[in-house]
Amino acid sequence: MNTAWTARLLLAQRATALVLAFAVPIHLATIIYAVRVGLNSGEILGRTRGNALFLAFYSLFVVAASIHAPIGLRNIFREWANWRGRSLDIAMIAFFLILLALGLRAAFAVYAA
C-alpha cells in the first residue's frame, strides 16, 4: 500500500477518534443513567422507539467505530503479526462491513422496536 493511502487511513482514524471522543462518553453516561434509575429493557425501548435523535447518534457512533477499529486492528496485525499485503486489507474491509452491518442493524432494531 502506498504512503498516500496510508496517510488517508491515518487521517480517517484520527477523524473517527474525534467523533468517538464525544460519542463514547455520551454512550457510557446513558448506560450509567439507565442503570442508576433502574430502567428495564422495556422502558429503554419505549424511550428509543421512534426517536430520530437516538437513531442519528447511534448511526454516527456505529459508522465511526466501524471505520476506526479496522484501521487500528490493521496496524496491530502489521506490527505484531507481520501480516501485510492485500489479504490483510481485504480482511479489514470485511471486518469493517461486518461491524457496519451489525451495528446499523442493532441501532435500527432498537429505534424501530
In the set R14, R74, R8, R36, the lone residue that is over 19 Å from L97 (Cα atoms) and within 20 Å of the chain's Cα centre (by Cα) is R14
Segment 30-113: helices (runs of 4 or more DSSP H) wholly inside it with 2 or more residues that are of a type in the set (D, E, K, R), within 26 Å of W5 (Cβ to Cβ) and free of Cβ contacts under 8 Å to residues at least 12 places away in the same chain are 52-80
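Okay, residues lined up against (1) at pLDDT below 95; (2) exposed (fewer than 11 other Cβ atoms within 10 Å of the Cβ); (3) out of contact with any Pro (no Cβ under 7 Å at 6 or more places or on another chain):
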{"position": "T3", "(1), (2), (3)": "yes, yes, yes"}
{"position": "R14", "(1), (2), (3)": "no, no, yes"}
{"position": "V19", "(1), (2), (3)": "no, no, yes"}
{"position": "P25", "(1), (2), (3)": "no, yes, yes"}
{"position": "A34", "(1), (2), (3)": "no, no, yes"}
{"position": "R49", "(1), (2), (3)": "no, no, yes"}
{"position": "L55", "(1), (2), (3)": "no, no, yes"}
{"position": "R74", "(1), (2), (3)": "no, no, yes"}
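The values are calculated or read from the model by the stated rules, or taken from the named source; none is laboratory data. These numbers were taken from a predicted model, which means no experiment stands behind them. In this analysis, Cβ positions are derived from the backbone assuming ideal geometry, glycine residues included, and neighbour counts consider all displayed protein chains.
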